[in-house]
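Take a look at the structure set out below.
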Amino acid sequence: MRYFIVHAHHEPRSFSGALTTHAREKLFAAGHEVVVSDLNAMHFDPVSDRRNFTTLADAHYLKQQAEEQYASQHDGFAPDVEREIRKLESCDVLVFQFPLWWFGMPAILKGWCDRVLAMGRVYGGGKWYEHGIGAGRPAIVSMTTGGPPPMYGSAGLNPQLTGILAPIHHGVFWFNGFRPAAPFITWGVSRQDAGQRAARLERWGDCLLNIGERPALPHLPASTFSEGGIGIDIMPRYMVSWTRTRGDEGREDRERAAITRLRGEGVVLDAWDATHGGRGGFVARAESPEALRERLEASELGGAMEFVIDQLQISEPE
């Protein structure tokens with residue numbers, strides 16, 4: 001397979017650098033092809049303007065999407081943009097490697113997205129979501145943080161990880177047809193000792209080698225929304241409250257794994273746990289409450305939980 005790693009860190013000796021180096025070596029040793037765009041080392045220009053193009057659609061007003069479409073039709077992308085688009089077009093697995101800066105990706109990586117994900121060439125004309133350039137191929141974020149996991153949990157001070165990474169998982173990966181895999185997060189890397197870091201590197205290499213087995217994140221197809229994705233969800237949404245009726249060793253782990261799978265299949269949209277009393281719930285989507293109940297009972301959740309399913313009213317923003 002051909003792995004494309006977009007690496008965004010200015011220090012080659014950083015742990016982000018170590019993750020990319022280890023990934024490249026381990027994948028290459030396993031017989032895979034690895035292409036790395038080390039954006040800082042390349043001095044990649046993150047500023048999106050007329051320098052993106054060698055063609056000109058309108059000299060008086062810069063409308064980026066119009067210029068991108070024109071460049072797509074007339075082979076008019078600047079060489080640095082063209083090279084990155086070709087890497088994206090030919091990869092089997094897409095990887096973003098970066099440190100978390102100000103609850104987002106570094107500016108150079110955002111600029112890469114702004115310049116490379118061009119309308120007409122990468123998306124547009126019906127080429128998006130399940131029909132996007134990614135064609136269902138996996139994409140994954142590998143990110144390092146300064147803070148520990150509790151800071152990003154539901155009771156933590158910082159925003160939750162799902163919200164922080166939504167612009168990438170949904171807006172970059174799935175919007176362009178790549179199947180977003182569960183991210184690989186190295187928490188509080190500056191607080192880890194050499195042994196912990198070495199173990200983390202090995203886990204990252206194994207993760208990439210087995211990327212097809214990595215749990216998928218929710219990636220709802222545009223075809224299940226009205227007006228081809230422009231309107232609202234045509235599937236009803238439900239609030240599911242559950243109470244655990246039977247417990248055995250390892251059940252909670254199996255339940256979490258089942259919910260992760262259901263999230264990847266677009267059945268469960270949001271979930272939480274109430275650890276005291278064995279109760280919890282989630283928002284789900286399905287054709288009917290009967291179909292949802294049948295799907296839940298067929299999973300690892302069935303047989304050990306009682307479900308209360310209530311339909312939610314979907315509203316559009318004003």
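Rule-based calculations on the coordinates, nothing more; no lab input. These numbers were taken from a predicted model, which means no experiment stands behind them. So basically every Cβ, Gly included, is an ideal-geometry build from the backbone, and we count neighbours across all protein chains shown.
Computed over the range 80-139, the range of Cα coordinates on each principal axis works out to 34, 23, 19 Å, biggest value leading.
Footprinting exposure proxy ranking of 103, 173, 225, 44, fewest other C-beta atoms within 10 angstrom first, gives 103, 225, 44, 173. With everything on Cα atoms, drop me the angle between helix 107-116 and the longest principal axis of the chain, reported from 0 to 90° to the nearest 10. Here the helix axis deviates by roughly 70 degrees. What residue among 82, 202, 287 shows peak mean-square fluctuation when the chain is described by a Gaussian network model with Cα springs under 10 Å? In the Gaussian network model the winner is 287. The coefficient of translational diffusion for the range 222-311, derived via Stokes-Einstein from the alpha carbon Kirkwood radius under 4 °C and 1.567 mPa s, stands at 95 µm²/s. For the residues 28, 178, 15, a GNM of the chain with alpha-carbon springs under 10 Å puts the largest fluctuation on 28. Only lysines eight or more places from residue 127 in sequence, or on another chain, were considered; those with a Cα closer than 22 Å are 63, 87, 110. Exposure proxy ranking for 185, 5, based on other Cβ atoms within 10 angstrom of each Cβ and starting from the fewest, stands as 185, 5. In percent, rounded to a whole number, the relative contact order of the chain is 15, using alpha-carbon pairs under 8 Å and six or more apart.
Rounded, prolate or oblate: pick one for the range 7-59, where a ≥ b ≥ c are the square roots of the eigenvalues of its C-alpha gyration tensor, a/c under 1.5 means rounded, and failing that, prolate if a/b is larger than b/c, else oblate. Because a/c hits 1.5 or more and a/b fails to exceed b/c, the range 7-59 counts as oblate.
Distances between every pair of Cα atoms in the chain, grouped in 10 Å steps from 0 to the bin holding the largest one, split as 5, 23, 30, 25, 13, 3, 0 percent. Residues 269, 27, arranged from fewest to most other Cβ atoms within 10 angstrom of their Cβ, appear as 269, 27. Rounded to the nearest 20 debye, the dipole magnitude of the range 222-311 is 120 debye, with +1 charges on Lys and Arg beta carbons, -1 on Asp and Glu beta carbons, and the Cα centre as origin. For the range 54-117, the spread of Cα positions along the three principal axes, ordered from largest to smallest, is 38, 29, 15 Å. Please list log₁₀ I(q)/I(0) at q = 0.09, 0.16, 0.18, 0.21 Å⁻¹ for the range 1-141, using the Debye equation with identical point scatterers on the alpha-carbon positions. For the range 1-141, the Cα-only Debye profile gives -0.29, -0.89, -1.08, -1.33.
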